[in-house]
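All of the numbers you see were taken from the coordinates with simple rules; none came from a lab. Note that the coordinates shown come from a computational prediction; the quantities given were computed from them, not determined experimentally. Quick reminder, even Gly has a Cβ in these numbers, built from the backbone with ideal geometry, and neighbours come from all protein chains shown.
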Amino acid sequence: MMYEIRDLRLSFPDLAHKPLLGAAPRVEVLKGISFDLPKGTVLGIVGGSGSGKSTLGRAMLRLLKPDAGSIRFDGTDITHMDEDALRGMRRRFQMIFQDPMSSLNPRRRVGGLIAGPMRLHRMDNVDARVKEALDMVGLPQSFAARYPHELSGGQRQRVGIARAIALRPDFILADEIVSGLDVSSQAQVLNFLGELVRDLGLTLAFISHDLSVIRRLCTRVLVLHQGEIVEEADTAQLFDAPRADYTRELLSAIPLPDPHQRWV
């Protein structure tokens, strides 16, 4: 099992209602999340704004520390692991961010951006791995000399994916990575991401508010609402026979080519 999540709870201080004296009250964002993620699964995590999906993703990577519950990654409990111990594991779980312009250093060339994490983890054959990663995401070798601002949005997102897969991780979290792209670029990114998952044997969690994207890529879906799981099912089952009212609301919001078609 790649992930075993049990009763995960996480809160943030509510600074808008902080009293003049004393600590700010806390707002619970994750409210007892529990699920398993088998190896090789492409899991879609969906929900509206404020549902907790991005918070859940960051907790899975221990970018956020939970208040309670447990996170087991490939059999190892990482819930309370300190940063020194986590540093040795971070190569195995990577993240692709929503906005590549904010996650890619504009002062560094593409080759350096991909090579940096590999050098941090003291991997060998870095130059060869950079070329391999660019090839895997369909970018010419000449792009290694370019800066992020010289690329299109879809190309920058490919660089973000190349940087993640170059580390040969076991798990990748992709957070709304196609939401800022046009339809054509979305389709290209989803196609080669699906190919990479199959070719590299990756486990992937794909966060999105767009169920049409989830249907195309994912094998299983987790639906969050107000910090709780309201439904979890295989993708085909969820689209054919959604059980939760909230899931049906999300499905009804998908634009349909046939105006007479209706979701269950």
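Brief remarks follow.
- Whole-angstrom gap from segment 188-219 to segment 123-150, using each part's C-alpha centre: 22
- For segment 84-224: rounded, prolate or oblate by the Cα gyration tensor [a/c cutoff 1.5]: oblate
- Positive dipole terminus of segment 84-211, leading residue within LEU86, SER102, ASN191 (C-beta point charges): LEU86
- Ellipsoid fit via the Cα gyration tensor, segment 79-123: semi-axes of 23, 14, 8 Å, each the root of five times an eigenvalue, largest first.
- Note on the chain: Lys pairs 8 or more places apart or on different chains, Cα atoms under 27 Å apart, count 9.
- Summing Cβ point charges (Lys, Arg +1; Asp, Glu -1) relative to the Cα centre of segment 7-92 gives a dipole of roughly 260 debye.
- Size of segment 174-229: Rg and Dmax of its alpha carbons, in Å, are 11.8, 35.
- The residues TYR147, TYR3, when put in order of fewest to most other Cβ atoms within 10 Å, stand as TYR147, TYR3.
- Where only alpha carbons of segment 13-135 are counted, the Rg and the Dmax (Å): 18.2, 57
- In the calculated pair-distance distribution of the chain, the portion above 23 angstrom amounts to 55 percent of the Cα-Cα pairs.
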